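One structure is given below, encoded as structure tokens.
The values are calculated or read from the model by the stated rules, or taken from the named source; none is laboratory data. Note that the structure is predicted; figures quoted are calculated from it, not measured. A quick note on method: Cβ atoms are made from the backbone with ideal geometry, for glycine too, and the neighbour counts reach across all protein chains shown. For accessibility, only protein heavy atoms count, side chains too; no ligands or nucleic acids. Shrake-Rupley method; radii C 1.70, N 1.55, O 1.52, S 1.80 Å.
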Amino acid sequence: MNKAVNIQDLGLKDYKEAWDYQETLFKQTIDIKIKNRRESAGLTTPNHLLFVSHPHVYTLGKSADENNLLVNDAFLHSIGATSYFIERGGDITYHGPGQLVAYPIFDLEALSLGVKSYVQHIESAIIKTIAEYGIKGYMIEGKIGVWVTDKGEEKKVAAIGIKCSRYVSMHGLALNVNTMGKRWTV
């Protein structure tokens, strides 16, 4: 069982380029798992954690409703935003300046994690991380992500959207650090 994690800071990277890189690592991990099952090869599956920021981009998951995109084409064009339909779960997620994005490509089976507990671990890690900065985050029953209360309103501070195949994860989380000059006042 491999619990080591290869951590990479990709800096500012185009969404499609980062997505293609994730896909490569994801496929390599799945190929190792398949080879191990077929040949009892005993190869160790790698775990990767990619940190990145993206220029303005909107990603639309498998259950996305385009009507939930609350900006028009003119606005998207004015900020140079792109959009992609992707294979992760969830609706629409914005990525852009002021946001930390993390893509864990983990062999959940080797880590003895189910998909639901994996997502809960991500939420807990985000809550613990932002607590270090004096921000009280919380989960909401029946919703995925992390929220804060800002001026009496619930605001989503972190989105989570993943894809899993053969218990290998892909995609991940987006933590709003300072998007569009917004500073959390909690």
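Remarks
- Atom-type composition of the exposed protein surface of the range 16-106 places 54 percent of the accessible area on carbon and sulfur (1.4 angstrom probe).
- Charge dipole (Cα centre; +1 on Lys/Arg Cβ, -1 on Asp/Glu Cβ; no other charges) of the range 105-148 amounts to roughly 180 debye.
- In order through the range 27-42: 3J(HN,Hα) via Karplus (6.51 cos²θ - 1.76 cosθ + 1.60), integer Hz, x for Gly, Pro: 5, 4, 5, 5, 4, 5, 4, 5, 4, 4, 5, 6, 10, 6, 6, x
- GNM on the chain, alpha-carbon springs under 10 angstrom: the most fluctuating residue among 148, 71, 168 is 71.
- The range 114-159: trypsin sites (Lys or Arg not before Pro) in DSSP loop, at most 15 other beta carbons within 10 Å: 136, 143, 151
- Taking each residue as 0.36 nm, the span from residue 124 to residue 12 lengthens on full extension beyond its C-alpha to C-alpha distance by 37.7 nm.
- Max mean-square fluctuation residue, GNM over the chain, Cα-Cα springs under 10 Å, options 14, 91, 73: 73
- The range 72-172 shape via C-alpha gyration tensor axes, a/c threshold 1.5: oblate
- Stretching residue 135 away from residue 4 to a fully extended chain increases their span by 44.2 nm, per 0.36 nm per residue minus the current alpha-carbon distance.
- When the charge dipole of the range 9-123 is built from unit charges on Cβ atoms (+1 for Lys and Arg, -1 for Asp and Glu) and taken about the Cα centre, the candidate among 57, 97, 25 whose Cα reaches farthest toward its positive end is 25.
- Extension gain, residue 79 to residue 178, is 34.0 nm, computed as 0.36 nm per intervening residue step minus the present C-alpha separation.
- Accessible area expressed per residue, the range 86-142, with surrounding protein chains retained (probe 1.4 Å, Å²): 49 Å²
- Computed from backbone phi, the HN-Hα couplings of the range 6-18 come to 8, 9, 9, 9, 8, x, 8, 9, 3, 4, 4, 5, 5 Hz, rounded to whole numbers (Karplus: 6.51 cos²θ - 1.76 cosθ + 1.60, θ = phi - 60°; Gly and Pro given as x).
- Under Karplus coefficients 6.51, -1.76 and 1.60, residue-wise ³J(HN,Hα) of the range 145-159 in Hz, glycine/proline x: x, 10, 10, 10, 9, 10, 6, x, 10, 6, 10, 7, 9, 8, 9
- Report summary: the helix-based calculation at 222 nm, which adds -39500 (n - 2.57) for every DSSP H run with n ≥ 4 and divides by the residues of the chain, gives -8500 deg cm²/dmol.
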